[in-house]
1. Picking from Gly80, Gly102, Gly97, which residue would you name as being out of contact with any Cys (no Cβ under 6 Å at 6 or more places or on another chain), assigned by TED's automatic domain parsing to the domain that holds Ile62, open to solvent by 10 Å² or more (accessible area, probe 1.4 Å) and among the small types (Gly, Ala, Ser)?
2. Working carefully through the options Glu5, Glu25, find the one that is assigned to a strand (DSSP E or B), loosely packed, with under 12 Cβ neighbours inside 10 Å and either acidic (Asp, Glu) or out of contact with any Gly (no Cβ under 8 Å at 6 or more places or on another chain) (or both).
3. Do you know which residues across the range 171-222 are open to solvent by 80 Å² or more (accessible area, probe 1.4 Å) and of a type in the set (Asp, Glu)?
4. Which one of the conditions (1) outside the structural domain of Ile17 (by TED's automatic domain parsing); (2) more than 24 Å from Ala321 (Cβ to Cβ) does Gly165 fail to meet, given that it meets all the rest?
5. Is it fair to say Leu111 is in contact (Cβ under 8 Å) with a residue 12 or more places away in the chain and open to solvent by 50 Å² or more (accessible area, probe 1.4 Å)?
6. Among the candidates Glu316, Glu344, Glu312, Glu297, which residue alone is touching a Pro at 6+ places or on another chain (Cβ under 9 Å), open to solvent by 30 Å² or more (accessible area, probe 1.4 Å) and of a type in the set (Asp, Glu)?
7. Please enumerate the residues belonging to the range 237-263 that are buried (at least 18 other Cβ atoms within 10 Å of the Cβ) and assigned to a loop (DSSP other than H, G, I, E, B).
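The values are calculated or read from the model by the stated rules, or taken from the named source; none is laboratory data. As the structure is a prediction and not an experimental result, all values here were calculated from the model. Methodologically, a virtual Cβ is constructed for each residue, glycine included, from the backbone with ideal geometry; neighbour enumeration extends over all protein chains shown. Ligands, DNA and RNA are stripped out before the accessible areas are found, and what is left, the full protein with its side chains, is counted by its heavy atoms. Shrake-Rupley method; radii C 1.70, N 1.55, O 1.52, S 1.80 Å.
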Amino acid sequence: MEEVENKQVILKGYVDILPNESDMEIKVSKIKLKAPKGSGAFLVKNLYLSCDPYMRGRMRKIQAANYLFLPFVPGQALEGFGVSKVIDSDNPDFKPGDLLSGFTGWEEYSLIHKTEQLRKIQAEDVPLSYHVGLLGMPGFTAYAGFFEICSPKKGEYVFVSAASGAVGQLVGQLAKLHGCYVVGSAGTNQKVDLLKNKLGFDEAFNYKEEPDLDAALKRYFSQGIDIYFDNVGGDMLDAALPNMRIHGRIAVCGAASQLGLSMPQGIHNLFNLISKSVKMEGFVQHNYLHLYPRFLEHVIGYYKQGKIVYIEDMHEGLESAPAAFVGLFSGKNVGKQVIRVASE
């Protein structure tokens, strides 16, 4: 039975503040390229791994704001969404050569026992890596949040924060396809240019160059905001609240501005929810999985017609994974952060 080296990204210990590269390490173990008989498991070669902000919550010992996921185990490989190829199988539902998207280890090879959140990738004219981005959890989060929480109508005014990120870039494009006016915020002028000139947003601004976020929103939304897709929370959410229109909707998808704070910021403008009859709702994409087939049909169709583009920030090799992950929290990535572990 062939045995090979298996490079892994290991969590060294629990992290209470924002993670550093030193909180992770690369280790090399040995693995047999065979699924144990009677295990019902299968062995995969990991091709692409997804860097996602929610993983930061899993680095804490106490399960807080971790959605549906348990904390990582120090001394073991991280895990997350990925694209993998089956090498050997003791499970009749998964055969060598099958391409899968779903949970896997941050390592070169993984032995997988749990199959609940795995999906076989069908032959499509779409890059494989898009199955952790455009067609994966971030893309589906954008789709479910925008259509189910925001209930958009043609001609409405839409604001998206962290708009060049894995989720925001698709929200903006879906809103434009739906006939909405769309403005996005981002943290660099490069990202602002991307939003306006490649992703089709009507307007965009660099929030770091705005001394008064309330004034910035009034400049771009003189008539007010119908829909705010919130990926950051904090000051941006507080500024958006008084700028909402009557019966506006706020989808609370993320709180990136709060991830490194020991004491999260309070929100001062919540009375606007009452005075303007605004709906604000948090959500996780897992609650809308019944919509996934419809999502795939729509988004793949838009992509093949050239109506949607998707920006990836691709890092090469498993060794680059710690730096790529840490970079999420300072906005170093431009688009969806992906690690290419191996070619197919």
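1. From the options Gly80, Gly102, Gly97, the qualifying one is Gly97.
2. Glu5
3. Asp193, Glu209, listed by residue number.
4. (2)
5. Numbers: in contact (Cβ under 8 Å) with a residue 12 or more places away in the chain: yes; open to solvent by 50 Å² or more (accessible area, probe 1.4 Å): yes.
Here the answer is yes, as Leu111 does meet what is asked.
6. Numbers: Glu316 fails: touching a Pro at 6+ places or on another chain (Cβ under 9 Å); Glu344 fails: touching a Pro at 6+ places or on another chain (Cβ under 9 Å); Glu297 fails: touching a Pro at 6+ places or on another chain (Cβ under 9 Å).
So the residue among Glu316, Glu344, Glu312, Glu297 that is touching a Pro at 6+ places or on another chain (Cβ under 9 Å), open to solvent by 30 Å² or more (accessible area, probe 1.4 Å) and of a type in the set (Asp, Glu) is Glu312.
7. Cys253, Gly254, Ala255, Leu259
Residues checked against (1) closer than 25 Å to Ala239 by Cα; (2) at pLDDT below 95:
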residue	(1), (2)
Gly102	no, yes
Ala142	yes, no
Lys153	yes, no
Tyr157	yes, no
Gln169	yes, no
Gly184	yes, no
Leu194	yes, no
Lys198	no, no
